[in-house]
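Worksheet for the structure shown next.
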Amino acid sequence: MNKKISWTWLPLVAALVLAGCATPPPMELKVDTPVQFKEQSRQTDAGKAAAPAASAAVPADGRWWASFNDPVLDNLIERAAQNNTDVQQAAARLAQARALARQVDADRSPQVGLGASANRGAGFDRAQGSTKPSNIFAAGLGASYELDLFGRLSGASRAASLDADSREALLQSARLLVQSDVAQLYLAVRALDAEREIMRDTVEAYRSTLELTERRNRAGDLGELDVARVRTELASTEADALAVERNRALVEHALAVVLGEVASNFSLPAQDWKTALPAIPAGLPSTMLARRPDVLAAQRRAQAAQERVGVAQTAWFPTIALTASGGFASPDLSDLLKWSARSWGVGALLSLPIIDGGRRDADLQGANAQFDEQMAAYRQQVLAAFKDVEDQLSSLRLLAEQSAVQDQAVASARRASSLSDVRYRNGAISQLDLLDARRSELQNRRQALLVKALQYQATVGLVRALGGGWEQV
């Protein structure tokens, strides 16, 4: 008798012993990374700063854009947070993922339902030997609960929860991307406003030169060729100024889309470019990249895939469900709710597939392949994060050096243009010398403005690459 009992329970005991094999594989999320970014080490070794001397602090509330000290920028980012469609889509996807996680987790709870049925047929009760048609009415409560002995339900719940965490990180990533896009587009508009002022100043200078040249032509001091040259330079510069106007309009329209507003109703008045350029401190640890929302999202996706490997492994073990029901059953509807018509039942169901045509093995292989894919995606995201930071750090370092050299070129070009104007008015140099000096000044001023704009763009890009700031948390 004892031997029979032991053999009866042997499959279940063996399944319980083998349940330890249902644990997910070890997860190596580590990527061989340096402690410090290469570009900042190079900065320190060279003794050169890629930003202003005093480093700026990120506000405690995470509003990194406040360090630019521009109220217009603050307002634009707040508007984008409310109306940007990318953020709204990411928020909707997060809500869907959380709802799905709740659905999956609900399978771990007892399931209770109310049911009623009415049937008519013959042969319901063979013990009475009657073949006449009869009725059966039933009403009651039913309950079921699956025992999670091997972690199938809990693993699926953890995987769904990690998916929701990934969506939450992607929402933060979308917000950061929108914030940085607004900042970069706004700063691009301000750079174009400054360039437009340079072009207007140059156009006015050429008009003044044209008036002088025409007077000297009427006096017989200069020929028609000299007048034509100045008119050509004036027209060419006016054409460049219109190109700047066009670029500003396009950037303004792009900014309206990021804000979630209609381009036809949006306008950004021109104003002086007084936005502060925050300094990025040296010695940032590479561990800061762990807070990047896109890196965190990739990590959560890999962890969810790992959990699903464990869930696929549990398919080799039996499922055990407990059931219970209670209510009333009667052949007469009028007697259905009488105490004598009460009925109840309890049961247990064990299910273990034996032959499935390789379905479980294929599911496990698919889960392992998905896990490998997500691990590779996570490593790729980490590598891309380091590249982003190194790109922006190198840009800031080299742009700072370029800005210093370019400022010298602008100062020299302005001096040369001023001296050439005086000498031309006194007849000491030719018109070609004056035009060459003017072209050189315009080119160098525009180049200096471009370098300044790139410094702002690289600073915002570094903030985004670091995950929304540079303060260590």
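At-a-glance table
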{"read-out": "Among the candidates Ala321, Ala312, Ala348, residue that is surrounded by 11 or more Cβ atoms within 10 Å (Cβ to Cβ), on the phi < 0 side of the Ramachandran plot and not in a helix (DSSP H, G or I)", "value": "Ala321"}
{"read-out": "Residue list for region 254-299, filter: small (Gly, Ala, Ser) and without any contact (Cβ under 8 Å) to a residue 40 or more places away in the chain", "value": "Ala256, Ala263, Ser264, Ser267, Ala290"}
{"read-out": "Qualifying residues in region 423-432 (those that are surrounded by 15 or more Cβ atoms within 10 Å (Cβ to Cβ) and not aliphatic (A, V, I, L, M)) - the one modelled with the highest pLDDT", "value": "Arg423"}
{"read-out": "In region 42-101, the residues that are modelled with pLDDT of 90 or more, closer than 24 Å to Leu393 by Cβ and outside any helix (DSSP H, G or I)", "value": "Asn69, Asp70"}
{"read-out": "Given (1) modelled with pLDDT of 85 or more; (2) outside the structural domain of Arg175 (by TED's automatic domain parsing), index of the condition Gln472 fails", "value": "(1)"}
{"read-out": "Filter result for Leu114 (modelled with pLDDT of 80 or more, in contact with a Gly (Cβ under 6 Å, 6 or more places away or on another chain), in a strand (DSSP E or B) and surrounded by fewer than 15 Cβ atoms within 10 Å (Cβ to Cβ))", "value": "no"}
{"read-out": "Residue in region 265-296 that is farthest from Arg167 (Cα to Cα), counting only those that are in contact with a strand residue (DSSP E or B) (Cβ under 8 Å, 6 or more places away or on another chain) and surrounded by 15 or more Cβ atoms within 10 Å (Cβ to Cβ)", "value": "Leu284"}
{"read-out": "Index of the failed condition, Ala369 passing every other in (1) surrounded by 13 or more Cβ atoms within 10 Å (Cβ to Cβ); (2) at pLDDT 85 or above; (3) among the small types (Gly, Ala, Ser)", "value": "(1)"}
{"read-out": "Residue match in region 198-207 (condition: modelled with pLDDT of 80 or more, surrounded by 12 or more Cβ atoms within 10 Å (Cβ to Cβ), charged (D, E, K, R) and in contact with a Ser or Thr (Cβ under 7 Å, 6 or more places away or on another chain))", "value": "no"}
{"read-out": "Condition check for Leu462: in contact with an Asp or Glu (Cβ under 6 Å, 6 or more places away or on another chain), buried (at least 19 other Cβ atoms within 10 Å of the Cβ) and in contact (Cβ under 8 Å) with a residue 24 or more places away in the chain", "value": "no"}
{"read-out": "Counted residues, region 240-256 - those being within 14 Å of Val178 (Cα to Cα) and crowded, with 17+ Cβ neighbours inside 10 Å", "value": "2"}
{"read-out": "Only listed residue being surrounded by 16 or more Cβ atoms within 10 Å (Cβ to Cβ), farther than 19 Å from Thr237 by Cβ and not hydroxyl-bearing (Ser, Thr, Tyr), chosen from Ala416, Ala409", "value": "Ala409"}
{"read-out": "Qualifying residue in region 285-302 (condition: of a type in the set (Ser, Thr, Tyr), part of a helix (DSSP H, G or I) and more than 30 Å from Ala385 (Cα to Cα))", "value": "no"}
{"read-out": "Inter-residue pairs, beta-carbon under 6 Å, first assigned to a helix (DSSP H, G or I) and in region 406-425, second modelled with pLDDT of 90 or more and basic (Lys, Arg), 6+ apart", "value": "Val410/Arg445"}
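Conditions (1) closer than 30 Å to Gln82 by Cα; (2) modelled with pLDDT under 90, marked per residue:
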{"site": "Asp226", "(1), (2)": "no, yes"}
{"site": "Glu238", "(1), (2)": "no, no"}
{"site": "Ala243", "(1), (2)": "no, no"}
{"site": "Ala256", "(1), (2)": "yes, no"}
{"site": "Ala282", "(1), (2)": "no, yes"}
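The values are calculated or read from the model by the stated rules, or taken from the named source; none is laboratory data. This one's a predicted model, so the numbers in the text were calculated from it and none came from an experiment. Note: ideal-geometry Cβ built from the backbone for every residue, glycine included; neighbour counts use all protein chains shown.
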